[in-house]
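Just below is one structure, and these are the notes that go with it.
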Amino acid sequence: MMKLQCLGAAQEVGRSGFVLDTGSERILMDYGIKVVTGAEGVDQPAFPMAASVKLDGVVVSHAHLDHGGFVPSLYNRGYRGPVHASATTLDLMDLLLKDSLKLAKIKGHGIGYFSKDVSTMYANAFRVAYGQQFEIGNSQVMFYDAGHIPGSGQAVIDTGKGVVVYTGDMKVEKTELLNGLSPVREDVKTLIIESTYGTKEHPNRDETEKHLIKRIREAVNNDGVALVSSFAVGRAQELLLVLEKYGIDVPIYVDGMCRDATAIALRYSEFLRYPQMLQRVFARAKKVTNNQAREKILKKKHPCVIITTSGMLNGGPVAHYLEHLKDDRNSYLAMTGFQAEGSAGKALLETGVYKTEKKEFKLKVPFEKLDFSAHAGRSELVNYIKTLNPERVVCIHGEDTKKFAAALKEEHGFDAVAPAVGDTIDV
């Protein structure tokens, strides 16, 4: 009997880590961190449970830190085996891991690895194309596009005892940036599926896009600034395409890691839905690299759109812009990402006060959160599960996975479970 050990992201979101023990080999699927805010408002990394370094291989579904951000710690502890991911994922991980190390140094907390461990990881990394088969022990493994962010992949593992699919994060429907996932075609014994929105549907994406554009136009027509907080990887590129799609012709500024992440995405343009459109809008966008340039934009006080990190407002250039725009009722702040409990963005939505370790002030500038999620909603998840029709469904990466698993069982007849962190289950 094969076993699945849950090291994180079970009945929770963040710090993914799952060990598949086939009886012949041990495969670690993702190993990430998540940032939590402590009692004193200080951000701290939360790690998954320790993984034994007695592994035959590691697969990383995509670049986000909650999935790949703790992989270098394995090499810090002596692991010297392979890590497999798409080329896009490995390039984006390099950007995010270096930033994570930089922030850890500034904040004075450890993250379980050093730059030398990142280098060792890359010395053992294998770049895998979608549909390219590779081996981990006796298992045959292949990535299918997961439709979540550039480079994201579902790991399809043929163990010889049945096919196990680990979706990582996934999006079935098309977005402006990506074409949605590629359905797995094998007979699936066990489907390990993210369930972030297992109990929720997303609003209509076209309507969300039109609402954002309406609010941006209102701001710039009033000589204001449309400040759009965004995750660097995936979301920023999606937003640039939305601006281009609707013909926003005021100056567009791209700040923070959004710059480098967009450049990397364009390096692998064959996986994008509208690569030429993204190239065009990114070429005309002005890249902001320092506070001097930010001050110049704000002093000029001209109608414009600024896309910047961080997506949850915990820091990054967005904090600088907000401090200057906080009393400007003609400007606008769009929060386009999930706002986790304990984040500055979540607190702002609840209190109207922007508070970080270094800043605290009330916002008069109009603000709102919009749903541009790159995760599958409930209907997408259910329909995909029906399409694959696995013998067993393991619901992970969600705060309501128990409810989702129960619904899959009661409403659709699937053998569905929702393990907790620390559980080891039969698969």
What number of residues in the range 169-202 are more than 16 Å from E238 (Cα to Cα) and without any contact (Cβ under 8 Å) to a residue 40 or more places away in the chain? 3
Which one of Y113, Y166 is crowded, with 22+ Cβ neighbours inside 10 Å and touching a residue at least 60 places away in the same chain (Cβ under 8 Å)? Y166
Scope the range 341-381; condition of a type in the set (D, E) and part of a strand (DSSP E or B); matching residues: E360, E368
Scanning the range 344-399 for residues that are surrounded by fewer than 18 Cβ atoms within 10 Å (Cβ to Cβ), of a type in the set (S, T, Y) and within 30 Å of V421 (Cα to Cα) gives S379, T387
Testing K358 on (1) in contact with a Phe, Trp or Tyr (Cβ under 9 Å, 6 or more places away or on another chain); (2) modelled with pLDDT under 95, one condition comes back false. Which one is that? (1)
Do we find a residue being without any contact (Cβ under 8 Å) to a residue 60 or more places away in the chain, surrounded by fewer than 16 Cβ atoms within 10 Å (Cβ to Cβ), in a loop (DSSP other than H, G, I, E, B) and touching an Asp or Glu at 6+ places or on another chain (Cβ under 9 Å) anywhere in the range 297-314? no
So, in the range 16-48, how many residues would count as being at pLDDT 95 or above and within 16 Å of the chain's Cα centre (by Cα)? 7
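Would you list the strands (runs of 3 or more DSSP E) that sit entirely within the range 92-145 and hold 1 or more residues that are under 19 Å from Y75 (Cβ atoms) and among the aromatic types (F, W, Y)?
Details: elements: 125-127, 134-136, 139-145.
Fully inside the range 92-145 and qualifying: 125-127.
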Could you tell me whether the range 81-88 includes any residue that is surrounded by fewer than 24 Cβ atoms within 10 Å (Cβ to Cβ) and over 29 Å from F271 (Cβ atoms)? no
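Table: residues versus (1) among the acidic types (D, E); (2) farther than 22 Å from H375 by Cβ; (3) out of contact with any helix residue (DSSP H, G or I) (no Cβ under 8 Å at 6 or more places or on another chain).
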| residue | (1), (2), (3) |
| --- | --- |
| N76 | no, yes, no |
| G81 | no, yes, yes |
| L96 | no, no, no |
| H109 | no, yes, yes |
| S115 | no, yes, no |
| F143 | no, no, yes |
| G147 | no, no, yes |
| G153 | no, no, no |
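Just wondering, is there one or more residues in the range 382-389 that are out of contact with any Phe, Trp or Tyr (no Cβ under 8 Å at 6 or more places or on another chain), part of a helix (DSSP H, G or I) and among the hydrophobic types (A, V, I, L, M, F, W, C)?
Quick first cut of the range 382-389, residues out of contact with any Phe, Trp or Tyr (no Cβ under 8 Å at 6 or more places or on another chain) only: 382-384, 386-389.
Filter once more, so that each one left must be part of a helix (DSSP H, G or I): 382-384, 386-388.
Among the residues that remain, those that are also among the hydrophobic types (A, V, I, L, M, F, W, C) are: 382, 388.
Scanning the range 382-389, I find at least one residue that is out of contact with any Phe, Trp or Tyr (no Cβ under 8 Å at 6 or more places or on another chain), part of a helix (DSSP H, G or I) and among the hydrophobic types (A, V, I, L, M, F, W, C), so the answer is yes.
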What pairs come up if the first residue lies in the range 223-241 and is assigned by TED's automatic domain parsing to the domain that holds K210, the second is among the charged types (D, E, K, R) and modelled with pLDDT of 95 or more, and their beta carbons are under 6 Å apart, counting only those six or more places apart or on different chains? E238/E176; L241/E176
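For the subset of the range 250-293 comprising residues that are among the hydrophobic types (A, V, I, L, M, F, W, C) and without any contact (Cβ under 8 Å) to a residue 40 or more places away in the chain, which member is farthest from E238 (Cα to Cα)?
Residues of the range 250-293 among the hydrophobic types (A, V, I, L, M, F, W, C): 250, 252, 254, 257-258, 261, 263-266, 271-272, 277-278, 281-283, 285, 288, 293.
Keeping just the survivors that are without any contact (Cβ under 8 Å) to a residue 40 or more places away in the chain gives 263, 266, 277, 283, 288, 293.
Details: A263: 13, L266: 12, M277: 11, A283: 15, V288: 19, A293: 24 Å.
Of everything passing the filter in the range 250-293, A293 is farthest from E238 (Cα to Cα).
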So which pairs qualify, if the first residue must be in the range 349-375 and more than 21 Å from A232 (Cβ to Cβ), the second must be surrounded by fewer than 15 Cβ atoms within 10 Å (Cβ to Cβ) and among the aliphatic types (A, V, I, L, M), the Cβ gap must be under 6 Å, and the two must be at least 6 apart or on different chains? K362/V353
Taking the condition of being of a type outside the set (D, E, K, R) and not in a helix (DSSP H, G or I), how many residues in the range 262-296 meet it? 7
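Listed here are the residues, each with its yes/no results for (1) on the phi > 0 side of the Ramachandran plot; (2) of a type in the set (A, V, I, L, M); (3) touching a Leu at 6+ places or on another chain (Cβ under 8 Å).
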| position | (1), (2), (3) |
| --- | --- |
| S230 | no, no, yes |
| G234 | yes, no, yes |
| L243 | no, yes, no |
| I252 | no, yes, yes |
| M257 | no, yes, yes |
| L266 | no, yes, yes |
| R273 | no, no, yes |
| K301 | yes, no, no |
Against the condition within 26 Å of L212 (Cα to Cα) and either among the hydrophobic types (A, V, I, L, M, F, W, C) or touching a helix residue (DSSP H, G or I) at 6+ places or on another chain (Cβ under 8 Å) (or both), how does V382 come out, does it pass? no
Of the residues K301, K287, only one is more than 18 Å from F367 (Cα to Cα) and either at pLDDT below 95 or not assigned by TED's automatic domain parsing to the domain that holds A226 (or both); which? K301
So if I check each of N330, N314, which one is among the polar types (S, T, N, Q), farther than 22 Å from G224 by Cβ and not assigned by TED's automatic domain parsing to the domain that holds K161? N314
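The values are calculated or read from the model by the stated rules, or taken from the named source; none is laboratory data. What you are looking at is a predicted structure, and each value in this text was computed from that prediction instead of being measured. Here the Cβ is made from the backbone with ideal geometry for all residues, glycine too, and neighbour counts use every protein chain on show.
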